[in-house]
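For reference, the structure is listed below as structure tokens.
Every number here is computed from the coordinates shown, using simple stated rules; none is lab data. What you see is a predicted model, and the numbers here were worked out from it, not measured in a lab. FYI the Cβ positions are ideal-geometry reconstructions off the backbone, even for glycines, and counts take in every protein chain you see.
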Amino acid sequence: MKFVTYDGGSGPRTGILDGETVRGLRAGVSLLSILNSGDGGLADAGESARRSPDEVCALDDVRLMSPLPRPPSVRDGLCFLDHLRGCYRALGRSSELHEAWSQVPAFYFSNAGSILGPFDDVPVAPGSAMFDLELEVGAVIGRGGRDLDPHTAETNIVGYTLFNDWTARDHQLRDLALGIGMGKSKDSAITLGPALVTVDEFEDYRRDGRLAPELSAAVNGEVITRGTLDQMDWDFGELVAFVSRGVDLNPGDVIGSGTVPGGCMLEHVDTPDVADFAHWLQPGDVVTLAGQGFGQTRQRIVPGVGVVPLSSGF
């Protein structure tokens, strides 16, 4: 099933997509509360929405929000190593990777308070002149756990959603120079949606046991990349297991796959100086992510707010 959070004019509701309609559950029920109700809760809620919805709305008459407007946490992996190699080449660096990248799946914590819906406008990060998109998939934890086995950790995932890790590349260069991880470069926006698609919906998209739906990203209608999820060097089972080492994962936690190779503007830089690249996202640009089984997101870039400089001038 495809679970959505939507607003038909009376505040956020949870429901399921059914063709060109949304079949809503009663007011006050959130997707996160359903996930926290335990095993079987999501399936029961879906059946309830299908058989006896509290309301049925035309899809065109509602605003789809992020399926999880405020997840308990968001972690973003980097599981497509060819994406990293492409970024290194764009920055004039060697594409040879340190051995650490083949030892564990890298991830960082992102901002669970900056979630956007699949059709929301996206403000440019404050002070950024090098704003970028990133084509990813987010796995949503359904059953919590700790110290999970990589061979079975995928069973703790309840579903998947498109994930756009909006990035201020100029801020990222400063973050990297500081050496303590991602900061303001990843702070301003994350898109999730249009739906939380339950794992059973993807069985037809498996190849040799791995999830392999096709994914694409486009800017102003021009496709910048196509790829498949089975290109991941680290699969979701390994990523979720590593993330769970020594910590509890909770229902509703979101874990990103990392960027599909070619799925950001940085990988398409065609100038020796990335700051001079002509195709960083600008107000008015429209970014679309799409995937087999996922649907699509479509968002317009709008101006961001100005910044009050620090004493350093930044």
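One table, with the values for the structure above:
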read-out: Cα centre as origin, Lys/Arg/Asp/Glu Cβ charges: the chain dipole, Debye; value: 580 debye
read-out: Packing-based ranking, highest mean first, of 42-54, 251-263 given that Cβ atoms within 10 Å are counted; value: 251-263, 42-54
read-out: Cα centroid separation - segment 9-42 against segment 247-301, whole Å; value: 27 Å
read-out: Built amide H within the under 5 Å cut-off of residue 65, gap 5+; value: 5, 6, 7
read-out: For segment 209-314: rounded, prolate or oblate by the Cα gyration tensor [a/c cutoff 1.5]; value: oblate
read-out: Efficiency of FRET from Cβ geometry, residue 180 and residue 88, R₀ 22 Å, rounded to 0.05; value: 0.65
read-out: Fraction of beta bridges assigned by DSSP in the chain that are antiparallel (%, nearest 5); value: 90 percent
read-out: ³J(HN,Hα), Karplus 6.51/-1.76/1.60, whole Hz, each residue of segment 218-227, x for Gly, Pro; value: 9, 10, 6, x, 9, 5, 9, 7, 9, x
read-out: Cα gyration tensor, segment 2-65 - rounded (a/c under 1.5), prolate or oblate; value: prolate
read-out: Distance in nm between pseudo-label sites at residue 10 and residue 33 (7 Å out along the Cβ direction from Cα); value: 1.5 nm
read-out: Degrees separating the helix 81-90 axis from the principal Cα axis of the chain, which is the longest one; value: 30 degrees
read-out: Cut-off 13 Å, label 7 Å out along Cα→Cβ of residue 233, residues of segment 79-122 by amide N; value: 79-89, 95-107
read-out: On Cα atoms only, tilt of 41-51 relative to the major axis of the chain in degrees; value: 60 degrees
read-out: Cα shape, segment 39-94, gyration tensor, a/c 1.5 rule; value: prolate
read-out: Cα-based equivalent ellipsoid, the chain: semi-axes from gyration tensor eigenvalues, Å; value: 31, 23, 18
read-out: Over the chain: helical MRE at 222 nm, DSSP H runs n ≥ 4 each giving -39500 (n - 2.57), nearest 500; value: -4000 deg cm²/dmol
